[in-house]
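First the structure, in the form of structure tokens, and then the observations on it.
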DNA sequence: GCATGTCAAGTTGTG
DNA sequence: CACAACTTGACATGC
């Protein structure tokens, strides 16, 4: 394989003070944002409800929710540690509406700002001590290939917010898609490259491109990754929905190369189709991972595999047990 | 309490 | 040109 035994999983830029070293050739599995059964919840609010409040009540509400979320994130990491889950994806609205033009708050300006900051520092420390990889996955509105200036401006603001959080908690990945094709995918990806260069360093150093289910495949994105010096996140479910002729072995191999180039641990996504592969729409995610959907070439992989399944922590634990048994 | 509609944001494809 | 689909859960509202 291409892995170098004994190499740190994260390069010095991100490594923090990792005291444990994960075993090579065993993938770590990641939980995405939420819990199905465990009573760990993340709260949010809408702008509509916020604007009905006076200035004081508004700040108080924002602070309550952010404080709650900072405590929940710490609980989430403890849960991961206790259950052998090696990665956690943080939900985008962790600080809800942070980049909305009318929300106008920062952690510092909140009544509970100090405790929120303390909790985030504790998250970082726990992450470093127990080597739990943290990531972000901005949603569909974050598009760097758009021809619309306002769309790209919004995307840049949102990405910088997530990078700010990533710095605070020690997350090394911000995972985006290529965006739309706008009738000319080559031109669209060249816009992506141009806009990438506008991004702050803390975003650039964390950005990773994921193949999507309809437009940009692994083959489409690899040249852009090479050009920008950023890694590819290989979603095997999307690859099966939007096939580019590469075998899963080859896609995996080329993905690993992009991460070796930046000296960091490879990243993958795994899910099973809710209604089976013969259904007209195989995209919706199932509650659990069907072992038949686990790529054979991923056994013995050194890397992170996010489990995208609706049963959340139950699905990650079930998969880990199934593979161990 | 419980059910239903709503939520900042994009893009594509269909009717 | 308008609108549903994509995907998705918590929130807000109304009964």
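Oblate is the label for region A:72-145. Its Cα gyration tensor axes, ordered a ≥ b ≥ c, give a/c of at least 1.5 and b/c at or above a/b. Taking the DSSP bridge list for region A:209-325 and keeping only pairs wholly inside it, about 10 percent are antiparallel. Cα centroids of region A:197-276 and region A:115-129: 29 Å apart.
Using the Cβ-Cβ distance between residue A:51 and residue A:82 with R0 set to 41 Å, the FRET efficiency works out to roughly 0.50.
Taking a ≥ b ≥ c as the square roots of the eigenvalues of the Cα gyration tensor, region A:231-292 is classed as prolate, since a/c reaches at least 1.5 and a/b is larger than b/c. The value obtained for region A:132-235, namely the Cα convex hull volume divided by the number of residues, is 91 Å³ per residue.
Within region A:31-87, the percentage of alpha carbon pairs spaced more than 13 angstrom apart rounds to 65%. Put simply, the C-alpha atoms of chain A give a gyration tensor, and the ellipsoid matching it has half-axes of 30, 24, 20 Å, longest first.
Comparing A:257, A:204, A:37 in a Gaussian network model of chain A (Cα springs below 10 Å), the most mobile by mean-square fluctuation is A:37. Remind me, relative contact order of region A:187-289 in percent, using alpha carbon pairs under 8 angstrom and six or more residues apart? Relative contact order, region A:187-289: 22 percent. Using a Gaussian network model of chain A with C-alpha springs under 10 Å, which one of A:193, A:76, A:155 is most mobile by mean-square fluctuation? In this elastic network of chain A, the residue with the biggest mean-square fluctuation among A:193, A:76, A:155 is A:193. Less than 20 Å from a label point 7 Å out along the Cα-to-Cβ axis of residue A:281: which backbone N atoms in region A:213-230 qualify, by residue? Residues A:213-216 qualify, since their backbone N sits under 20 Å from the label point.
Extending 7 Å from Cα along the Cβ direction at residue A:106 and again at residue A:24 yields two label points whose distance is 4.3 nm. Rounded to the nearest 5, what % of DSSP beta bridges with both residues in chain A are antiparallel? Beta bridges within chain A, antiparallel portion: roughly 5 percent.
Bear in mind these aren't lab numbers, they're just calculated from the coordinates by the rules spelled out. All figures in this text were calculated on a predicted structure; none of them were measured in a lab. Don't worry about glycine lacking a Cβ; one is built from the backbone with ideal geometry, like all the others, and counts go over all protein chains shown.
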